[in-house]
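This report refers to the structure that appears directly beneath it.
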């Protein structure tokens, strides 16, 4: 696993090392330049002091001092090239023709030489370059030694600082670990470094969305349990009546009512399941190209028997292929909910039309009836689950109050909305849903 | 005993009504809170079975208004909500008892009988009246310990008279006890049933006050 602390430490130490090496090199170079200038001046002064004194055949043996490594080597010649003086017989440097400063390479390393002509004599003062380099190196070393000595302390300091800087992350982790589905309060932003704030914001946003989804789910379950209790109570009572029945006729009547109660409870649980499938948070099934017109024709074909039994003229006006991007199962549920509703809330003799037609960029689905309709006041609320309009309650006793909620959820998943208006000839209800038309394959 | 049932669910309403009828209660059924208030104002019911989740006016509102108006008739709450808060609110608003759905019809009938008994100030479920004993739970009437067979209406009439001994009740009052809204009232039905009761239980038991009504004579008078 990558560790921020180790990474920071490695990079900081690498940077520091480069800086120290750079400082050493810089110091060395500058010290060398200064040493050059200083020693060149020294050579020049030395040569100048020697030119005033004429030499005449001083025996070289007179001087037998052992030369040090940085010793100056002084040589004097007359104009005929006869050597008049040499400070160190063991270090013999050639007479250099060029006057002024030169640097030459010999077997004993590089030498800096200054020659000058004065009073018929050539004075040459030489010094090994190594002397200058050693001085520069020693200066550079003096500069970096303290830095190197501080390095271990710096490592400790950096280690500690990083630990300190990262400690809010540990606290944050503990804080997040304390969160549970029951406790999704936002994390405190106070006392946290700016770098961590985006993470906090993102986490708090996530907690909020999660909390809302959980609350929606909880209220759905609570509502569902509450709504299921009514039909189950009815079934419970109907079963008791069947049990009490004294004769065959009574028992038959009671069992028939019990069957009605069971059908109602079954339908409610099916509707709840359909709604649960459309609840936010459930993974969506993919939307594919489906023929809305053929789905509508199928739903109408399935519902004709029910409609005829109720004395209602059910018909489809959905010709050809009208393709939308959708979930065929969900769209079947949507249309059959609308058609079921229309049949339920339309008294005989009545009429229910299911229309699917393309209209510019839309596939328009319309289900219109001659039923009781929904008053303008009720229209915004009929999509709430378990809400039943007064007219609906008066017409059909056992509605689940879920049909339109399911329709709306499915419509929303298909990126559209449900419009409510008056139905056929201004009577009853007309439901219109405009789906985006699928681009032709 | 005539009971008002306020329940919006038609299946539950129909079942409760039929079940209580089998237990000898006369039940009138209203589907919402306003209709319940209207029915209560007739003052013909002995008790109210009240669903809390009523449309138009909630059960709790009906109950509160009823108690504020000084109506002390027993109220039994039927609720789908089993939250303790709802039950406490119901009881605090003046309900006498509650049942959480789903419930057993037998339990509902038993609780209703207990409420009616308490209201008439009796602890003993069996109404003893001289040599006659009437048991509302079993719907049995005994004279000197011997079972007397009575029709449902005869029993209801006897129960109405014995629950308030010594009080004169008019024909209309007695008819109210015997018939729900949907029952056709037969003319002279009260006279016919009283005649039958006198025949089965003794002529002295029920006294007619001409032009006013009938009463169960005090036991010491009857004996």
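The values are calculated or read from the model by the stated rules, or taken from the named source; none is laboratory data. Keep in mind it's a predicted model, so treat the numbers as computed, not measured. We place every Cβ from the backbone using ideal geometry, glycine too, and count neighbours over all the protein chains shown.
Quick check on residue B:24: is it touching a residue at least 60 places away in the same chain (Cβ under 8 Å) and at positive phi?
Yes: the conditions hold for residue B:24.
May I ask you to say which residue of B:95, B:89, B:80 is surrounded by 16 or more Cβ atoms within 10 Å (Cβ to Cβ) and within 14 Å of chain A (Cβ to nearest Cβ)?
Going through B:95, B:89, B:80 in turn, just one is surrounded by 16 or more Cβ atoms within 10 Å (Cβ to Cβ) and within 14 Å of chain A (Cβ to nearest Cβ): B:80.
Scan region B:57-68 and tell me whether some residue there is touching a strand residue (DSSP E or B) at 6+ places or on another chain (Cβ under 7 Å), at pLDDT 85 or above and under 21 Å from residue B:178 (Cα atoms).
Within region B:57-68, not a single residue is touching a strand residue (DSSP E or B) at 6+ places or on another chain (Cβ under 7 Å), at pLDDT 85 or above and under 21 Å from residue B:178 (Cα atoms).
I need the full set of residues from region A:240-251 which are part of a helix (DSSP H, G or I), more than 9 Å from every other protein chain (Cβ to nearest Cβ) and surrounded by 12 or more Cβ atoms within 10 Å (Cβ to Cβ), in order please.
Hits for region A:240-251 are A:242, A:250, A:251.
Tally the residues that are within 14 Å of another protein chain (Cβ to nearest Cβ), surrounded by 15 or more Cβ atoms within 10 Å (Cβ to Cβ) and more than 11 Å from the chain's Cα centre (by Cα), restricting the search to region B:105-120.
Residues flagged as within 14 Å of another protein chain (Cβ to nearest Cβ), surrounded by 15 or more Cβ atoms within 10 Å (Cβ to Cβ) and more than 11 Å from the chain's Cα centre (by Cα) within region B:105-120 amount to 3.
Report yes if residue A:234 is in a helix (DSSP H, G or I), at pLDDT below 85, within 13 Å of chain B (Cβ to nearest Cβ) and in contact with a helix residue (DSSP H, G or I) (Cβ under 6 Å, 6 or more places away or on another chain), otherwise no. Give the derivation first.
On the way: in a helix (DSSP H, G or I): yes; at pLDDT below 85: no; within 13 Å of chain B (Cβ to nearest Cβ): yes; in contact with a helix residue (DSSP H, G or I) (Cβ under 6 Å, 6 or more places away or on another chain): yes.
For residue A:234, the condition - in a helix (DSSP H, G or I), at pLDDT below 85, within 13 Å of chain B (Cβ to nearest Cβ) and in contact with a helix residue (DSSP H, G or I) (Cβ under 6 Å, 6 or more places away or on another chain) - is not met.
Of the conditions (1) within 14 Å of chain A (Cβ to nearest Cβ); (2) in contact (Cβ under 8 Å) with a residue 40 or more places away in the chain; (3) within 24 Å of residue B:177 (Cα to Cα), residue B:101 clears all except one; give me its number.
All conditions pass for residue B:101, except number (3).
How do the helices (runs of 4 or more DSSP H) wholly within region A:328-441 filter down when requiring 1 or more residues that are under 30 Å from residue B:14 (Cβ atoms) and under 39 Å from the mean Cα position of the chain (by Cα): which remain? Break it down stepwise before answering.
Working: elements: A:328-344, A:390-395, A:403-413.
In region A:328-441, the matching helices (runs of 4 or more DSSP H) lie at A:403-413.
Does region B:150-158 contain at least one residue that is modelled with pLDDT under 85, over 21 Å from residue B:217 (Cα atoms) and part of a loop (DSSP other than H, G, I, E, B)?
Scanning region B:150-158 turns up no residue that is modelled with pLDDT under 85, over 21 Å from residue B:217 (Cα atoms) and part of a loop (DSSP other than H, G, I, E, B).
If we scan region B:57-77, do we find a residue that is under 18 Å from residue A:233 (Cβ atoms) and within 10 Å of chain A (Cβ to nearest Cβ)?
Looking for residues that are under 18 Å from residue A:233 (Cβ atoms) and within 10 Å of chain A (Cβ to nearest Cβ), one finds none in region B:57-77, hence no.
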